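Nothing in this text is a laboratory measurement; each read-out follows from the coordinates by a stated rule. Bear in mind that the values here come from a model prediction, so they are computed numbers and not experimental data. Here the Cβ is made from the backbone with ideal geometry for all residues, glycine too, and neighbour counts use every protein chain on show.
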Amino acid sequence: MFVGGLRVRLLVRDSRSLKDKRQVVRGIKDKLRQDLGVCASEVDALEDHRQAVLGFASVANEASQARQVLEQVVQRLRAHPVAELCGHELEVLSFDELGSMD
């Protein structure tokens, strides 16, 4: 079993309030959960109305599958009409590697 993690930094253009930002973030998370089956959460910059940092996770039988799903997330975010992808980090680990981190 493999677990992939993705952290993305987004600039939410035209956001004038936290309510505006949260509406965009909620739409992104819901759509990607529905379409790609990833888990998603806002993980940083919670009080910044123009910046969003999101974390995504994917679990798969093969490392390449987990990586492919998360790369699809990146591609979709690059094409997002309101949020600009400013950077991302992607890592895939085997479940055994996660267990040895104790």
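Mind listing whichever residues of segment 1-21 are in a strand (DSSP E or B), aliphatic (A, V, I, L, M), farther than 16 Å from Ala40 by Cα and in contact with a helix residue (DSSP H, G or I) (Cβ under 7 Å, 6 or more places away or on another chain)? The answer is Val12, and nothing else.
With respect to (1) of a type outside the set (S, T, N, Q); (2) on the phi < 0 side of the Ramachandran plot; (3) free of Cβ contacts under 8 Å to residues at least 60 places away in the same chain, the lone exception for Gly37 is condition (2).
Scanning segment 22-60 for residues that are surrounded by 13 or more Cβ atoms within 10 Å (Cβ to Cβ), within 14 Å of the chain's Cα centre (by Cα) and part of a helix (DSSP H, G or I) yields Val24, Val25, Gly27, Ile28, Lys29, Lys31, Leu32, Arg33, Leu36.
Name the single residue that is farthest from Ser58 (Cα to Cα) among those in segment 4-21 being small (Gly, Ala, Ser) and either surrounded by fewer than 16 Cβ atoms within 10 Å (Cβ to Cβ) or within 10 Å of the chain's Cα centre (by Cα) (or both). Step by step, filter segment 4-21, then rank; the result is Ser17. Taking segment 70-102 only, how many residues are surrounded by 18 or more Cβ atoms within 10 Å (Cβ to Cβ), within 11 Å of the chain's Cα centre (by Cα) and not in a helix (DSSP H, G or I)? Within segment 70-102, residues that are surrounded by 18 or more Cβ atoms within 10 Å (Cβ to Cβ), within 11 Å of the chain's Cα centre (by Cα) and not in a helix (DSSP H, G or I) number 1.
Which numbered condition trips up Met1, out of (1) among the hydrophobic types (A, V, I, L, M, F, W, C); (2) under 20 Å from Pro81 (Cα atoms); (3) surrounded by fewer than 17 Cβ atoms within 10 Å (Cβ to Cβ); (4) touching a strand residue (DSSP E or B) at 6+ places or on another chain (Cβ under 8 Å)? Single failed check for Met1: (2). Taking the criterion of being surrounded by 15 or more Cβ atoms within 10 Å (Cβ to Cβ), in contact (Cβ under 8 Å) with a residue 12 or more places away in the chain and in a strand (DSSP E or B), would at least one residue in segment 61-69 satisfy it? No, because not a single residue in segment 61-69 is surrounded by 15 or more Cβ atoms within 10 Å (Cβ to Cβ), in contact (Cβ under 8 Å) with a residue 12 or more places away in the chain and in a strand (DSSP E or B).
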